[in-house]
Amino acid sequence: MSATLAILTVGVVPVKEILPLLTEHISEQQITHVSLLGKMDPSEVHDDYRVDPGETPMPTRLRDDTVVSVSREKVERDLQSVIEVLDNQGYDVILLMSTAPIQGLSALNSILIEPQRIIPPLVASIVDGHQMGVIVPIPELMAQQQHRWSLLETEPYYALAHPFKATEAELVAAGKTLIEQGADVLMLDCLGFHQWHRDLLQKSLNVPVLLSNILVARLASELLV
């Protein structure tokens, strides 16, 4: 029997971009995408996931294309509930597609892949001895990204470029700024960035470019044989 995969996202994420990597081993019919907030009315998200005093704000993209801050603690609580349902349904692999510092998730039987736990140490081993530059989509994610890459031996440089709103020239300019500061490898660590963004930067700037969602998708694909 073919392996089954559930892709779990917090908000709206263009999952179709990574499907070709995943369908090398299983059919698209064996893949289910579940979004915690992506199909909700934005007003409901505001009511149910508002950031109360003492809670941690977490930016996420909703179905109306707005980016709002939601309670990370409430998201973690409800993601765990969804994971328990998917686990009980018998999915072999559950892939959490999120770059947020989400904590406290677990699955009893399914293999749960959490990029926050896997990608930073993996990238740290890849870029050891190099200066990394990170392209961040929005200012609201800057603090999160700085915390995410705090384990690197050398602190990365950062530049802003939105995957949907920036022109190709603006994206290349952001990468060029990082290189001029001393970066010799670039990281695109946002689920909105895709293969063509990486190809554009590599061709234009002649430097290695890492794409976090591709790294985690390739890892997941190896578990789906």
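Listing for the model above:
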{"read-out": "The chain - Kirkwood radius from inverse mean 1/r over Cα pairs (Å)", "value": "18.3"}
{"read-out": "FRET efficiency for residue 170 and residue 51, using Cβ-Cβ distance with R0 set to 41 Å, rounded to 0.05", "value": "0.85"}
{"read-out": "Heavy-atom surface of segment 39-191, accessible at 1.4 Å and reported per residue (Å²)", "value": "50"}
{"read-out": "Percent accessible area from carbon and sulfur atoms, segment 112-174, protein chains only, probe 1.4 Å", "value": "53"}
{"read-out": "Carbon plus sulfur fraction of accessible area for segment 61-101, probe 1.4 Å, in percent", "value": "45"}
{"read-out": "Computed label-point distance, nm, for sites residue 27 and residue 85 using a 7 Å Cα→Cβ extension", "value": "2.5"}
{"read-out": "Using alpha carbons only: equivalent-ellipsoid semi-axes of segment 127-175, gyration tensor based, whole Å", "value": "21, 13, 6"}
{"read-out": "Cα-based Lys pair tally, the chain, threshold under 29 Å, eight or more apart or on separate chains", "value": "10"}
{"read-out": "Cα-based radius of gyration of segment 92-225 once divided by 2.2 N^0.38 Å, which approximates compact folds", "value": "1.06"}
{"read-out": "Projected label distance in nm at residue 16 and residue 118, using a 7 Å step from Cα toward the beta-carbon", "value": "2.4"}
{"read-out": "Extended-chain gain in nm, criterion 0.36 nm per residue less alpha-carbon gap, residue 206 and residue 78", "value": "41.8 nm"}
{"read-out": "Simple spin-label estimate for residue 103 and residue 153 in nanometres, 7 Å along Cα-Cβ", "value": "2.7"}
{"read-out": "Largest-first principal axis extents of the Cα set of segment 71-167 (Å)", "value": "43, 31, 25"}
{"read-out": "The chain: relative contact order in percent, alpha carbon pairs under 8 Å with at least 6 residues between", "value": "20"}
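The values are calculated or read from the model by the stated rules, or taken from the named source; none is laboratory data. Nothing here was measured: the structure is a model prediction, and the numbers come from that model. Here the Cβ is made from the backbone with ideal geometry for all residues, glycine too, and neighbour counts use every protein chain on show. When the accessible area is computed, the model is the full protein with side chains, heavy atoms only, and any ligands, DNA or RNA have been set aside. Shrake-Rupley method; radii C 1.70, N 1.55, O 1.52, S 1.80 Å.
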